[in-house]
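I have placed the structure first, in the form of structure tokens, so that the comments after it can refer back to it.
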Amino acid sequence: MSAFIEFENVKKIYQMGEVQIEALAGVNFKIDKGEFVVIAGASGAGKSTILNILGGMDSCTSGNIYVDGSRISEYNAKELTTYRRYDIGFVFQFYNLVQNLTVVENVELATQICKNPLNIDETIAAVGLQDRRGNFPAQLSGGEQQRVAIARALAKNPKLLLCDEPTGALDYKTGKAILKLLQDTCREHHMTVIVITHNLALTPMGDKVIHVRNGVIEKVDINDHPIPVESIEW
Amino acid sequence: MKSALLKDTLREVKKSLGRFLSILAIVAIGVAFFAGVKAAVPDMKHTADQYFDDYKLEDMQLISTIGFTQDDVDAIKAVDGVEGVMAVHNMNALTIVDKRQLVLAVHGLPADLSADNPDYLNQANLLAGRLPKHSGECLIEQGKIGSEINVKIGDTIQLTSGTNVDISETLKTDTYKVVGITLSPYYLSYQKGTTNIGSGTINNFMLIPDADFKSEYFTELNVSVKGARSLNSYDDSYFDIIKPVKQRIKALSKDRIDMRKEEIRSKAEAEINKQEQLYTANKNTFDTRIQDAETKLEDTRIKLKSSKDEIIRQRSTLETTYQQNLKEITSGETQLKANMEQYNASKQALDDRFQNEIQPKLIQLQSKLGQNQEAYHKIIDAINNTKVSLENAKAENPPDEAKIKELEKQLEDYQNTSKVMEKDIGDLQNQIAGLGKTYHDAKAKLDGIKAQLDAASSALRTSRNQLEQGKAEASAELDVAEAQVKSGWKQYKSAKGKLLDEKTLGQQELNNAREKLNNAKSSIDELAAPKWYVLDRHSHYSYMDYGSAADRMDAIAKVFPVFFFVVAALVCLTTMTRMVDEQREAIGTLKALGYSRGAIASKYVAYAAAASIIGSIVGCVVGMIVFPTVIFNAWGLMYSLPPVKLTVQMPLAMLTTAIAVVVTTAAAFMAVYKELVETPALLMRPKAPKNGKKIMLERVTFLWKHFSFTEKVTARNIFRYKKRFLMTVIGISGCTALLLAGFGIRDSISQVVSKQYGSIFKYDLSITLNSGLSLYQKHEALIDLQKDKRIQGIMPIAQYNGNIQDGNQDAAITLVIPSDVKQYRTFTSLHERTSQKELSLSDHGAIITEKIASKLHVGAGDTIQVDNGSGSKRKVKIIGVVENYIDHYLYMSPKYYREIFKAPASDNVLIADLRDDRKTIENAVGQDLVKRDDVSSVVFFTGMAESFNDTISSLNIVTVVLVISAGLLAFVVLYNLTNVNVSERLREIATIKVLGFYDKEVSAYVYRENILLTCIGAGTGLLLGILLHRIIMSVAEMDTVMFGRNIEPLSFLYSVLITIGFALIVNIAMYPKLKKIPMVESLKSVE
């Protein structure tokens, strides 16, 4: 059986005027279903590019990408949109909530366009925001906002949850709570979760840790016994 | 400004060219509109004034009830300040061109026609040909839309006076050769005023040598004032120069009038005496004529009566004779019948006798005869036998004598017996014959009688037939005679009716004339009091009409551009706010580097100032050329003027630019100032996004619940950005309002004709009768036209060109006095406009039309002064105001008119409705009517409707200008809105893209707001448009025309659709930009 996600010699070259910048220089890795994957690397290593391409926000220059048996590297813009719509859940570093919508509405924004969303109330309860349902983002703390973002991503019932530096804008404690939420989601819903971080301290919590460096995969560690996030200190 | 900052500003402009251009564009549009429309008015006035100066329009005109003498002219020339005096004559006359009767204003030209002659004023603006040099030559006005006159140089014009006075008493010749086509500064307007001849409206003017006028008195003096020409006559300073001269002339007039007072009075008296004599002569003629006619009629009556009697007499004679003859015949018949009966009885008796008596006897006799004859024959046989036996016995030898003897004896016996028997037979035979003879004789006698009776019967029958036939013939003859008499009666009766009409109408006319004469006599002092009218340009129709047109434009200029300025300010404010928001960091950095607030703000202020200055210059240049030209030409279609002379109006340009620059830079400063008060540290940090918050609508739970998710988002967004909301709603509503006003103008104007000649005047044509007709002739004309199968209905009305006055305002008005108020309802609908309530013409007051009522600020219950055209001014009470669009009318019932003006209204117009108003039929009817002697002019409303439509079609240009402006406005506003909306919500849009919204859904997410705002704006715009339309209509109206106030439903639809169309175009244009937003934006930190 082939892997849930597979990158085969994926390259991404940006044309900046006359200069070509190779963001990805042939990336290969595999991710299985239900894995909690941490993609780690320094700034500019190419981890965000991987996420963008995997998330269908960008396309690769060459190589093949398979997600759940589909070759998404062949997708056109519209197919990519559909892919994002039904298969991907995003959690952004800066939450990217719509300021003008309440918590419920921000979740609704995502669920109204997908095929079989999860129950909104349950999802919000799952991230622990049942009491803040009617609040606007500005009335929430950073951690709460990120929970909303996670709820928004989860409610879509995606195949894949992509998180870009989910703790980047949060303090230590809140960040930890968010990571725990993600880890629990992965375990409980058996969802494939990919977290991008430059914080190497987080790597022990992943089932699989992909180290990116200068556009290539430096190494892939597999933790047979990932550590619960509570016991990680950084 | 430091050079680095300057560079920064320049780069900023280059980088955000779209933003810069949008500010520039809105400023340019606003400025162009404001400055352009504003500049149009001075340009209009300047062009006209220049024209007045070039062709020396009079500064003052003097009119007198008694004319002017050469002495008057000299006296005025001597007045201080007077430059030149043109003393000429004028009159109104009729002519027929292309079968159409036209009213011409005929003005005299002085002998010296050199342009520098100070006494040659109101100079002809010769377009073609030459000036008239000799008697019988004329200049004619160039045809203008609505008053086309198809006359070329070389044509001749035949003039008639249109009154009882022959034109030869006024002019030396009535035939004029056209030697030139001209315009005159005296007549700018398409409307040249009214008159009491022909159709009542002056169509064109004509200039002839003044020497052609016979009268020794000048009818008008045109005066020019020294130094007046150097001033713009639409300025007050012009009147400052005119006023003292006017005063001096007025003072002079008193002396001049006194000198001629007595002369005038005696003249007036002579005129009245002349009229009196004329009246008496007319009355005598009339009386004699009526008397003659009556005598003749009476003769006829007597003759007819005797004829009738004769017939009756003859009829009775005929009957008597007939009866007599009939009686004779009947008695003959009775006699005959008796005889016949007698005959029949005799015949019966004879037959009976024959049957009962003669026949049995005959049979008896016959049988007896037979027996006797038999016996006789036996005897004869016996004789013969005996003879034989005797012979035998004789011949026996021996003869047995005894036997012989015996035999002989026997024979003798026999013979005796036979003799007896013979005799018996003979007797019998005689008896039988006798009996037959008797019968036959009786029968023959009866037959004779029968023949006699038959002859008598046939004779009687013949006489009877003859009698009947004779009677029928005589009777038929009498019937014919009777029919003749009957038709004679009929003729007599109709003649009698006619005579009665003629008599009553003639009497009435005489009474009217008497009344008029009495009035004239009693008011001779009033009539004789001469008066000079010294009129400056305030009383000059064209000058005032044109001036007010320009002022109306000025009013529009005040209303319109406010829109554009408000929108420009809002566009600028939102744009600059967005720009400043985007550059918080830069501002913070500059602040941290130690630049002063002023220096930092100057960048943005300079940016806005640059955009607005360039925009203003572009706007001023374009606007001040385009708008005055368009507007001038639009009005120019109604005025005869040379091409527009654009003036450089620096103060206006400077002012407009200043306003525009101040507004935009203030907006820019306000935007940047908010940021500048914050500390650099705060500035360098991303600005907290505007918080979401519950909007009012959410409190209305039952409504909010029904909103779909996206609708909620849209609703919140709209209310979150109030500035944008305001800008868009004002901008879009402005756009819709302009469109609606534009379409509305068209609707209102096109409705004018259909309403006036469709639902108000329900008749098709108006026939003006010859003014010289007597009441009876008018009556005859009416009767005659009633017979025309093509005419469905016709009725006479009295129509006078009068004047109406209230306070110091006055206006020309048409007085209409229908002969039959009830019948008039089927011809004209007198109803209030708003309530559509039908008003009835009562005998207690007059009904007035809407436009003039509102102009004079009068309504039901008010009293106004009305002049019925013959100089008598009376107070008239108004009882109602009715809908009307073209011209002004005052309706009065005949009774009320008589009560007010102390004289009955004399019908002079027939209004008629055609059964079929197709053009061909109209033409045929028109031609037939014009041929009649009693008809002076015929006006078809279709023709009037056409010419009116032509005249006002010029306003369509206004519509085009409005639509173009609306489009520009919509584009700028919507482009700006969308632009700001998109750039401000870049992250949000990127996020929803990442969430998997398809392109269409993304654009719908953004555009729903635009569409909703467009709809709100369009809705508001409709209300605003109605208002705007009303303002434009009321200011753009001509004096004698009221435009409709309603807008067709379709126009509302079009305005909204076009607005939405503009919005769609902008949205479509923005679509690629939306599509191009990179999703990676969502990953970036908050700006």
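The values are calculated or read from the model by the stated rules, or taken from the named source; none is laboratory data. What you see is a predicted model; the values in this text were computed from it and never measured. Cβ sites come from the backbone with ideal geometry, for glycine too, and all protein chains shown count toward neighbours.
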Legend entry - Scan of the stretch B:729-770 for residues that are at pLDDT below 85 and part of a loop (DSSP other than H, G, I, E, B), ordered by number: B:Asn770
Legend entry - Residue among B:Val79, B:Val37, B:Val85, B:Val106 that is part of a helix (DSSP H, G or I) and either of a type in the set (A, V, I, L, M, F, W, C) or buried (at least 19 other Cβ atoms within 10 Å of the Cβ) (or both): B:Val37
Inset, instruction - Return yes when B:Val858 is touching a residue at least 40 places away in the same chain (Cβ under 8 Å) and either under 30 Å from B:Ile921 (Cβ atoms) or surrounded by fewer than 18 Cβ atoms within 10 Å (Cβ to Cβ) (or both) and no when it is not. - result: no
Inset, instruction - State whether the residues of the stretch B:797-805 include one that is not assigned by TED's automatic domain parsing to the domain that holds B:Ala520 and not in a strand (DSSP E or B). - result: no
Legend entry - B:Val79 over 30 Å from B:Pro244 (Cβ atoms), in contact with a helix residue (DSSP H, G or I) (Cβ under 6 Å, 6 or more places away or on another chain) and at pLDDT below 90: no
Inset, instruction - Please specify each residue of the stretch A:153-170 satisfying the condition of being out of contact with any strand residue (DSSP E or B) (no Cβ under 8 Å at 6 or more places or on another chain) and more than 13 Å from chain B (Cβ to nearest Cβ). - result: A:Leu170
Inset, instruction - Please determine, by comparing only the residues of the stretch A:48-104 that are touching a helix residue (DSSP H, G or I) at 6+ places or on another chain (Cβ under 9 Å) and of a type in the set (Phe, Trp, Tyr), which one is farthest from the other protein chains (Cβ to nearest Cβ). - result: A:Tyr66
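Among the listed residues B:Asp810, B:Asp784, B:Asp806, B:Asp820, which satisfies the condition of being out of contact with any Phe, Trp or Tyr (no Cβ under 9 Å at 6 or more places or on another chain) and surrounded by 15 or more Cβ atoms within 10 Å (Cβ to Cβ)?
Of B:Asp810, B:Asp784, B:Asp806, B:Asp820, the one residue that is out of contact with any Phe, Trp or Tyr (no Cβ under 9 Å at 6 or more places or on another chain) and surrounded by 15 or more Cβ atoms within 10 Å (Cβ to Cβ) is B:Asp806.
Yes/no matrix, rows are residues, columns are (1) touching a strand residue (DSSP E or B) at 6+ places or on another chain (Cβ under 6 Å); (2) at pLDDT 90 or above; (3) among the small types (Gly, Ala, Ser); (4) not in a strand (DSSP E or B):
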{"site": "B:Tyr896", "(1), (2), (3), (4)": "no, yes, no, yes"}
{"site": "B:Ile900", "(1), (2), (3), (4)": "yes, no, no, yes"}
{"site": "B:Ala905", "(1), (2), (3), (4)": "yes, no, yes, yes"}
{"site": "B:Ile911", "(1), (2), (3), (4)": "yes, yes, no, no"}
Inset, instruction - Could you list, in sequence order, all residues of the stretch A:1-48 that are without any contact (Cβ under 8 Å) to a residue 40 or more places away in the chain and of a type in the set (Ser, Thr, Tyr)? - result: A:Tyr14
Legend entry - helices (runs of 4 or more DSSP H) wholly inside the stretch B:971-1087 containing at least 3 residues that are within 13 Å of another protein chain (Cβ to nearest Cβ) and over 57 Å from the mean Cα position of the chain (by Cα): B:986-994, B:999-1036
Legend entry - From the options B:Leu159, B:Leu121, B:Leu188, residue that is within 35 Å of the chain's Cα centre (by Cα), within 21 Å of B:Glu58 (Cβ to Cβ) and buried (at least 19 other Cβ atoms within 10 Å of the Cβ): B:Leu188
Legend entry - Output for the stretch B:117-145, where each listed residue is at pLDDT below 85 and out of contact with any Leu (no Cβ under 9 Å at 6 or more places or on another chain): B:Gly143
Legend entry - Qualifying residue in the stretch B:98-115 (condition: within 30 Å of B:Asp255 (Cα to Cα) and of a type in the set (Ser, Thr, Tyr)): no
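A quick yes/no check of all residues on (1) surrounded by fewer than 22 Cβ atoms within 10 Å (Cβ to Cβ); (2) within 12 Å of chain B (Cβ to nearest Cβ); (3) at pLDDT 85 or above:
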position: A:Asp121; (1), (2), (3): yes, no, yes
position: A:Arg132; (1), (2), (3): yes, no, yes
position: A:Gln146; (1), (2), (3): no, no, yes
position: A:Ala151; (1), (2), (3): no, no, yes
position: A:Tyr172; (1), (2), (3): yes, no, no
Inset, instruction - Tell me which of these A:Val107 doesn't satisfy, since it passes every other one: (1) without any contact (Cβ under 8 Å) to a residue 60 or more places away in the chain; (2) part of a loop (DSSP other than H, G, I, E, B); (3) surrounded by 21 or more Cβ atoms within 10 Å (Cβ to Cβ). - result: (2)
Inset, instruction - Restrict the check to the stretch B:846-855 and report whether at least one residue is in a loop (DSSP other than H, G, I, E, B), among the basic types (Lys, Arg) and modelled with pLDDT of 85 or more. - result: no
Inset, instruction - Quick one: in the stretch B:638-676, of everything that is of a type in the set (Gly, Ala, Ser) and part of a helix (DSSP H, G or I), which residue is nearest to B:Ser548 (Cα to Cα)? - result: B:Ala653
Inset, instruction - Could you tell me whether B:Ala634 is assigned to a helix (DSSP H, G or I), under 26 Å from B:Glu984 (Cβ atoms) and touching a Ser or Thr at 6+ places or on another chain (Cβ under 8 Å)? - result: no
Legend entry - the stretch B:386-401, subset exposed (fewer than 13 other Cβ atoms within 10 Å of the Cβ) and under 22 Å from B:Thr417 (Cα atoms), residue modelled with the highest pLDDT: B:Val388
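May I ask you to say which residue of B:Glu374, B:Glu294 is of a type in the set (D, E, K, R), over 54 Å from the mean Cα position of the chain (by Cα) and more than 30 Å from B:Ser457 (Cα to Cα)?
The match here is B:Glu374.
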Inset, instruction - Return only the number of the condition from (1) among the charged types (D, E, K, R); (2) more than 13 Å from chain B (Cβ to nearest Cβ); (3) assigned to a loop (DSSP other than H, G, I, E, B) that A:Lys115 does not satisfy. - result: (2)
Inset, instruction - Would you mind stating whether A:Ala149 is out of contact with any Phe, Trp or Tyr (no Cβ under 9 Å at 6 or more places or on another chain), in contact (Cβ under 8 Å) with a residue 12 or more places away in the chain and of a type in the set (Gly, Ala, Ser)? - result: no
Legend entry - Pairs with Cβ under 8 Å, 6+ apart, first in the stretch B:777-789 and within 12 Å of B:Val935 (Cβ to Cβ), second part of a loop (DSSP other than H, G, I, E, B) and among the hydrophobic types (A, V, I, L, M, F, W, C): B:Ala781/B:Leu773
